[in-house]
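Have a look at the structure below, then the notes.
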Amino acid sequence: MLVEDSLVVRELLRHILSRDPRLACVAAVASGEEALSAIDSVRPDVISMDIRLPGIDGLETTRRIMSEHPTPIVVIADSVEDSSLRISMNALRAGALSVVEKPVATTHAGYDAVAGEICTQLRIMAQVPVIRRRPIGTEWLGRTAAAASAPAANLPPTVLAIAASTGGPPALARVIGALPETFPLPVLVVQHMGAAFMDGFATWLGGVVPMPVTVARDGERAEPGRVYVAPGDRHLELGPGRILRILDSLPVSGQRPAATVLFRSVARQAGATGLGVLLTGMGEDGALGLLDMHAAGAQTVAEHESTAVVYGMPAAAVRLKAARAVLPLDRVSAHVLKLAMPGAGSQDRPA
């Protein structure tokens, strides 16, 4: 189902969907009210959601759909408008799965790439189960995964690297948002997202967490109590002396920025004083990098299946036994605090 108030864009989206035989438009509506009215009878597999709608905007429409008729939602946003970016990021927090650029005229130089990304995202997200998950059972409270090799060195961590993909923005906001402004480590973040949205994502994240958030710059030193987000379509690495490196080398696991690139650099530079966290996401990016951190004696954490929007990336890490702790999302920040600021977080018992 397409939700788009502009007739021109709505027809352009219809045309884009017609390029992919695996997609079919079952409804095209011009407002959030129409979407809410039609969803029961249409029962779409995935929804393309405009943000700037008359009446109920795309954010509120997303909230209501996810509350009443959970359905995968892909936000179609204008990447150059600050207000649209903020609303788009909040829509992700409300349950939308991803955000892609709004298409422009077919004669535009970037049209084919944008059209292809829209089809890809709709096709992939249609397969994501967005249902209310059962409360986490008491048998999982405080449990951790068994380590695959020697135990961690238990050295105080010096850097936190955290990565996510599908479902990542709200998960990152929840984990980083629970860390205090006085957090003693630099926080390096990889979030898989279209390059056009990374500046807006960093701005949004900075508005919902206590620590200052910036897009990482090549050559700057990572300082404690600050969050550095990998820029769009570039890898982020930790270099010697906590100097950040921004690379345009080839994608890894189909991703740039790639979590594995970040984690491997932390394994090299921080060794046993690294702290790696792998959250929700599709695919397997980050698992091999987290394994390298684990082998270096670092503390490593993967999100548990019970809270992951998509249990792909953390599942791959668990299969490799790369995670020393496997925790539901609401326990990750406490675990991180316990390691970085002893006494500040709740105590997690070993499995």
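Computed values, structure above
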| quantity | calculated |
| --- | --- |
| Sorted by Cβ neighbour density within 10 Å, fewest at the top, the residues CYS25, CYS119 | CYS25, CYS119 |
| For peptides 236-242, 246-252, 94-100, sequence by mean Cβ density within 10 Å, most packed first | 94-100, 236-242, 246-252 |
| Amide H contacts under 5 Å for ALA28, placed H, 5+ residues apart | LEU2 |
| Residue-by-residue Karplus 3J(HN,Hα) for region 253-264, coefficients 6.51, -1.76, 1.60, Hz, glycine and proline x | 6, x, 10, 8, x, 10, 5, 4, 4, 5, 4, 5 |
| For region 138-340, fraction of C-alpha pairs farther apart than 22 Å, in % | 39 |
| Placed amide H near GLU220: partners under 5 Å, 5+ positions off or other chain | LEU244 |
| Relative contact order (%) - the chain, alpha-carbon pairs under 8 angstrom, separation at least six | 15 |
| Proxy reagent accessibility, fewest Cβ within 10 Å first, across VAL175, VAL326 | VAL326, VAL175 |
| The chain: calculated mean residue ellipticity at 222 nm from DSSP helix runs of at least 4, using -39500 (n - 2.57) | -10500 deg cm²/dmol |
| Intensity falloff of the chain expressed as log10 I(q)/I(0), Debye formula with alpha-carbon point scatterers, at q = 0.11, 0.12, 0.13, 0.14 Å⁻¹ | -0.71, -0.83, -0.96, -1.09 |
| Least to most buried among THR260, THR62 (fewest other Cβ within 10 Å first) | THR260, THR62 |
| Cα long-axis angle, helix 198-208 against the chain (0 to 90 degrees, to the nearest 10) | 70 |
| Full-stretch length increase - THR214, THR107 - with 0.36 nm per residue and alpha-carbon distance subtracted | 35.1 nm |
| Angle in degrees between helix 168-177 and the longest Cα principal axis of the chain, rounded to the nearest 10 | 40 |
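Since every read-out is calculated from the coordinates, none of them should be taken as a lab result. These figures come from a predicted structure and were not determined experimentally. Methodologically, a virtual Cβ is constructed for each residue, glycine included, from the backbone with ideal geometry; neighbour enumeration extends over all protein chains shown.
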